[in-house]
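Working notes, structure below.
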Amino acid sequence: MRVLKVPDLFDLSTIMVSDFSPGGAFGSDTTEPDFGFAFNDSNFSDRVLRIEIMPDSPETKSDGDCCSSIADWARNRKRRREDFKKEIDVVQRQEQVLNCNVPDTVDGLTYENRDDDAVAMIEGSPSDVGLNCNQIGNDTAYDNYSSLNKDHLTVLRVNIIHISSPILAAKSPFFYKLFSNGMTESEQRYVTLPVHASEEAALLDLLNFMYSNTLSTTTPTALLDVLMVADKFEVASCMRYCSRLLRNLPMTCESALLYLDLPSTVLMADAVQPLADAAKQFLAAKYKDVTKFQDEVLNLPLAGIEAVFSSDDLQVASEDAVYDFLLKWARTHYPKLEERRRVFATRLGRLIRFPHMTCRKLKKVLTCNDFDAEIAPKVVLEALFFKAETPHKQRTLASEEANAPYRHFLERAYKYRPVKVVEFEKPRQQCVVYLDLKREECAHLFPGGKVYSQAFHLGGQGFFFSAHCHMDQQSSFHCFGLFLGMQEKGPVTFAVDYEFAARSKPTEDYISKYKGNYTFTGGKAVGYRNLFGIPWTTFMADDSNYFINGVLHLRAELTVRQ
C-alpha cells in the first residue's frame, strides 16, 4: 500500500517560497485553507506571542475606545509606520533578554536584532516561578520586563496568544524573517511584540485573519485600523481584503480624502492601489464640473486637488482656466513663495497640460514668479513644440502616455474647444482659424446644445466660434449651425470679412460654405443656422460627407476690413 507523505504543519520548508514572490504564499489571491480552529489553541501552536500594550503617543491618543466617524478616526487614530519604527528601534537598543532556566536560553546575554525588518523583540521563556514549557506568562516576568523599560515606555498590560509560526510566516514576510533570521532568538518559544493601545484590537483581528482569512469587523474605522496594522506587519492578503471591503462601502468626499491621505507606505502598496484609485475616481466624478464647485474645490487638500485635476474628463473652460485655478489654490494654501514654488515643481505642475494652453497664457507662465525660473521655460518650450507638430504626431504623443498617471498631451473635455490659429500682419491683418469637433461632441449638441471654441485674436480684438444644433425655421428640422462672435462688450465696433469652410469627402479638401462681412459691436455674433444645408440626421449619418475618421474639420478666414 502506498503511503502518502503529509507535510509537517510546523515545517516551514513545506509552505514557504523563495524571495517572497507575488505568486507565492504571501498575499496569494488563491483560495487559502481555513485554520481558524487553531487560533490561540496551544494544541496547534509552537510559539507564544506576548503582546505588550504601550500607551499611545499624545498626538495619536483616542478620546474613546472607538470612533464614531471617519473624521474621528482620522483625528484620533491615524499613525505612521515611520513613527512605529523609530519607537521600536529605541526599545531594541535598550531591551535586555530576561534570565531563564530553559535550556534554549543563554543567561545574561543581550541580543541585538540585526534584521532591520524584523523589529519585534524576542526573549526566552520566563522561569522565575518554575513554570514548565507548557505554562505561559507570570506576573514576576511581566514586572521584571516593565522595570527594564520604565524610563522609556510603560507597559499597560500583556496579552498572551498561542501562535503557529508556519501559519504566520506563510502570510507575512515580517513574521517569516522573525522566525528564520538564523539567530538564537528565532528558535525560542516566547516572542514579545510591543504595540500601541489603539492598535491592540486591530492586531488581534489581524492575527485571527491570518488563520481564518476573514474579519468579523465591517465598520470603516475598524477596517482602516486593521489595514494600517496589516501594512506594518506586511500581511498583503489582509490589506487586499480590507481594501476590497472599504471599496464596497458607500464612498463619501470625507472618506475618499482620508484614503488618499493614508501614510505613503500604505498607499504605495499594490494591495491598496484599487482603494486609492476608487477614491480618486470618486473625487474626479464629484467635481467633474469645477465651475459648479469652485469654493469646495478651493478648500480641498493637495491629495484631492491631484485626484480632480489629473482627470481627462474634467469639464473646464480651457487649460488656461486650469492654470489660473491651480495658481489661485496654491496662493491660498501655500502663502510662502518658496513653498509654493516647491509644490508647483513637485506636484501641481504635472497637473497642468501646458501644450493645450493658449500662447498668450504661456507667455504669462514665463514671467510668473510662482514657477521656478528653470522649470517655466522647459514646460513652455515643450508646449510650443507640441503645437508645431502635425496632427498625426500630436495624436501619437497623446496615445503614448495613455497609461501614464499624469498626462500632458491628451485633451480634456474642455467647454471651450481648442483652436489652431495662423496670423498674418501684411499685406492685411488676417487670421486663419481651424476648429475640429469629434463626432461624439456633435452628437451631444442634439437637440438644442451648443459648444464654444477658445478665444483667438485679430487686430487686438478677441473672437470665438460657437457650434449649435438648431431647428431650421423654414424646413422645421434640426441642423448644424456655426457662428462667429466677438468677446468685447460695449460700444466697440469692428468690421471683418469672413469665410467658413469644411473638409468634405471624397477629396477631403476644405470647401467654402459661406462668405460674408459683418461689423461687430460688443456682444454680437454672426453665422449660419444650417451651415451644410442638410438635416441633422443626414449630417450625423454614418455615411456623412463631413466626418473624416470621426472628426468634423472646420476652418474660418477672417480679415480686418479697411
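Enumerate by residue number the GluC sites (Glu not before Pro) in the range 404-439 meeting two conditions: DSSP loop (anything except H, G, I, E, B), and at most 11 other Cβ atoms within 10 Å of the site's Cβ.
Numbers: sites: GLU411, GLU423, GLU425; in loops: GLU411, GLU425.
Answer by residue number: GLU425.
For the range 287-399, state the average projected area of the convex hull of the C-alpha atoms over all orientations, rounded to one decimal in nm². Write down the numbers at each step before the final one.
On the way: hull surface 28.1 nm².
Result: 7.0 nm².
If I take R0 = 35 Å and measure r between the Cβ atoms of VAL526 and SER310 in this structure, what FRET efficiency does the formula 1/(1 + (r/R0)^6) give, to the nearest 0.05?
Here the calculated transfer efficiency is 0.35.
Stretch THR154-SER512 to full length: gain in nm at 0.36 nm per residue minus the Cα-Cα span?
120.3 nm
Sort GLU401, GLU234, GLU338, GLU440 from largest to smallest accessible area, using a 1.4 Å probe on the heavy atoms of the protein chains.
Output order, biggest surface exposure first: GLU338, GLU440, GLU234, GLU401.
Compute the Kirkwood hydrodynamic radius of the range 415-558, taking the inverse of the mean of 1/r over all pairs of distinct Cα atoms, and give it in Å to one decimal.
15.7
Got a sec? Charge dipole of the range 287-399, +1 on Cβ for Lys and Arg, -1 for Asp and Glu; which of VAL379, GLY349, TYR323 is way out at the positive end?
Final value for the positive-end residue is VAL379.
If you roll a 1.4 angstrom probe over the protein chains with everything in place, what fraction of the accessible area of the range 415-558 belongs to carbon and sulfur, to the nearest %?
The computed percentage sits at 49.
Roll a 1.4 Å probe over the protein heavy atoms and report the accessible area of VAL235 in Å², nearest 10.
Its accessible surface works out to 0 Å², give or take rounding.
Which values of log₁₀ I(q)/I(0), to two decimal places, follow from the Debye formula for the range 501-557 at q = 0.14, 0.25 Å⁻¹ with a uniform point scatterer at every Cα?
So the normalised log intensities are -0.46, -1.09.
Considering only DSSP states other than H, G, I, E and B, which chymotrypsin sites (Phe, Trp or Tyr not before Pro) in the range 189-228 qualify as loop sites with at most 16 other Cβ atoms within 10 Å?
On the way: sites: TYR190, PHE209, TYR211; in loops: none.
Listed in order of number, the matching sites amount to none.
Which whole-angstrom value gives the distance between the alpha carbon centres of the range 253-311 and the range 462-531?
41
Restrict the search to the range 378-419; then list the chymotrypsin sites (Phe, Trp or Tyr not before Pro) that DSSP places in a loop and that have at most 14 other Cβ atoms within 10 Å of their Cβ.
TYR406
Can you sort LEU381, LEU397, LEU437 by 1.4 Å-probe accessible area, starting with the largest?
Ranked from most to least accessible, the order is LEU381, LEU397, LEU437.
What is the spin-label model distance, in nm, from ASN299 to SER216 if the labels are put 7 Å beyond Cα along the C-beta direction?
4.0
In the structure shown, do any of LYS292/LYS450; LYS364/LYS450; LYS361/LYS513; LYS232/LYS286 have a Cα-Cα gap over 24 Å, and if so which? Mind dumping the intermediate values first?
On the way: LYS292/LYS450 18 Å; LYS364/LYS450 30 Å; LYS361/LYS513 32 Å; LYS232/LYS286 32 Å.
The answer is LYS364/LYS450; LYS361/LYS513; LYS232/LYS286.
The values are calculated or read from the model by the stated rules, or taken from the named source; none is laboratory data. Since the model is a prediction, treat every value here as computed from it, not as a measurement. Counting neighbours? That spans all protein chains shown, and the Cβs are built from the backbone with ideal geometry, glycine included. Note: areas computed on protein heavy atoms with side chains; ligands, DNA, RNA excluded. Shrake-Rupley method; radii C 1.70, N 1.55, O 1.52, S 1.80 Å.
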